[in-house]
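Trainee: Below you will find the structure I want to go over with you.
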There are 2 protein chains.
Amino acid sequence: MTDTFKRLEGAERDSRRPLGEILDAIRFNDDGLIPAIAQQHDSGEVLMMAWMNRESLEETLATSQVCYWSRSRGKLWRKGESSGQQQRLKSAALDCDGDTLLLQVEQTGPACHTGRRSCFYVVLEGEQARIASAPLIDPAALYGQS
Amino acid sequence: MTDTFKRLEGAERDSRRPLGEILDAIRFNDDGLIPAIAQQHDSGEVLMMAWMNRESLEETLATSQVCYWSRSRGKLWRKGESSGQQQRLKSAALDCDGDTLLLQVEQTGPACHTGRRSCFYVVLEGEQARIASAPLIDPAALYGQS
């Protein structure tokens with residue numbers, strides 16, 4: 001853990017630090033990335049987890065439109081740029097050791113590329129895995145293939 | 001993405017697969033780990049994110065007591081073993097590409113080692129970061145140092 005986050009452990013509620021100091025202290029992994037959990041701000045549903053680099057985080061904070069880093073494409077991924085299913089940022093928080101982000105978002109339509117609201121639909125139950133939800137939208141329609 | 005998760009994208013709601021097939025298809029990272037998000041099952045609060053290897057996931061599913069893999073200590077981390085702040089598993093789900101877990105849990109007391117309920121207390125607001133919550137319990141008391 002960096003000294004910055006260690007010092008924050010004992011900080012009073014509602015005390016503040018400059019944003020730049022905190023961004024500089026984030027513990028990005030060896031690829032320069034941090035996991036970001038997206039949660040629908042009012043329902044509390046966890047929608048997805050993706051990755052951010054510093055550039056995508058700064059863009060997200062500046063624009064309030066969530067931008068991830070696509071590991072498969074190796075470039076910035078402005079959520080919804082091809083599907084239209086954007087995420088508007090309501091708030092963002094780092095965890096105690098500065099290596100995970102939690103985003104409160106307003107999700108337009110499904111968050112998942114399969115057309116489901118949430119990506120977490122493979123439920124592990126006893127000796128089986130169960131598909132817990134159906135697509136809201138045909139993914140072919142989301143990505144303009146129909 | 002593995003073929004297994006690709007095939008599940010089109011699966012009907014409530015269709016089922018054997019658990020072992022799904023566990024074998026999980027996309028653990030190069031260190032054999034998968035991120036696991038813990039959410040309080042009734043309030044929806046996201047409490048923390050930690051890592052699991054296959055052994056800790058199987059133990060968690062078998063016992064319904066959440067067990068992570070501690071990267072800093074290099075061993076199984078039965079949540080609450082030193083602090084008493086256990087997590088009882090209510091349900092577990094994988095995401096669409098099989099590389100992240102979402103755990104619904106019943107958290108005893110604070111989830112965070114600082115004594116706060118949730119680890120996500122460093123809120124990024126405008127040009128500042130704000131400490132959004134105070135400890136429920138002195139961490140020295142949690143870990144028997146007082």
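Each reported figure results from applying straightforward, stated rules to the coordinates on display, with no laboratory input. Worth saying up front: this structure is predicted, and the values here are computed from it rather than measured. All Cβ positions, even for glycine, are placed from backbone atoms using ideal geometry, and neighbour counts span all protein chains on display.
Trainee: Tell me, what does the Kirkwood hydrodynamic radius of the protein assembly as shown come to in angstroms if you use every pair of distinct C-alpha atoms?
Mentor: Radius from the Kirkwood sum: 19.5 Å.
Trainee: 7 Å along Cα→Cβ for the label point: how many nanometres lie between residue A:64 and each equivalent label in the other copies, listed shortest first?
Mentor: 4.3
Trainee: Name the long-range amide H neighbours of residue B:116: under 5 Å, sequence gap of 5 or more, or other chain; modelled H, no Pro or chain starts.
Mentor: Result for residue B:116 returns B:136.
Trainee: On to the next question. Taking a cut-off of 23 Å between Cα atoms, list the lysines near residue B:79, but don't count ones fewer than 8 places away on the same chain.
Mentor: In chain and number order, the partners are A:6, B:90.
Trainee: Cut-off 10 angstrom, C-alpha nodes, Gaussian network model of chain B. Which of B:22, B:37, B:131 fluctuates the most?
Mentor: Greatest mean-square fluctuation among the candidates belongs to B:131.
Trainee: Could you give, in nm with one decimal, how far residue A:137 is from each other copy of that position, shortest first, with labels 7 Å out from Cα toward Cβ?
Mentor: Its label point is 4.5 nm from the equivalent points in the other copies.
Trainee: Using the beta-carbon distance between residue A:82 and residue B:71 and R0 = 30 Å, what value does 1/(1 + (r/R0)^6) give for FRET efficiency, to the nearest 0.05?
Mentor: Efficiency at R0 = 30 Å is approximately 0.30.
Trainee: Can you tally the net charge around residue A:66? Count Lys and Arg as +1, Asp and Glu as -1, for every other residue whose Cβ sits under 12 Å from the Cβ of residue A:66.
Mentor: For residues surrounding residue A:66, the net value is +1.
Trainee: Moving on to the next point. With 17 Å as the cut-off, how large is the P(r) tail for segment B:5-57, expressed as percent of Cα-Cα pairs?
Mentor: Considering segment B:5-57, 54 percent of its Cα-Cα pairs are separated by more than 17 Å.
Trainee: With angles folded into 0 to 90 degrees, how steeply does helix A:54-63 sit against the dominant principal axis of chain A? Use alpha carbons for both and round to 10.
Mentor: Between helix and principal axis, roughly 80 degrees.
Trainee: Calculate, in whole percent, how much of the Cα-Cα pair population of segment B:65-136 lies beyond 17 Å.
Mentor: 58 percent
Trainee: For an R0 of 41 angstrom, estimate the FRET efficiency from the Cβ-Cβ distance between residue A:7 and residue A:63 and round to the nearest 0.05.
Mentor: Plugging the Cβ-Cβ distance into 1/(1 + (r/R0)^6) gives 0.85.
Trainee: Among A:127, A:55, A:45, which one moves the most in a GNM of chain A with springs linking Cα atoms closer than 10 Å?
Mentor: Of the options given, A:127 has the highest mean-square fluctuation.
Trainee: Just to be sure I understand: with springs between alpha-carbon atoms less than 10 Å apart, which residue in B:112, B:96, B:67 has the highest mean-square fluctuation in the Gaussian network model of chain B?
Mentor: B:96
Trainee: Across all directions of projection, what mean area in square nanometres is found for the Cα convex hull of segment B:3-109?
Mentor: Average of the hull's projected areas for segment B:3-109 equals 7.2 nm².
Trainee: Also, I was wondering about something else. Give me the dipole magnitude in Debye, nearest 20, for segment B:1-101 about the Cα centre, with unit charges on the beta carbon: positive for Lys and Arg, negative for Asp and Glu.
Mentor: The calculated dipole for segment B:1-101 is roughly 320 debye.
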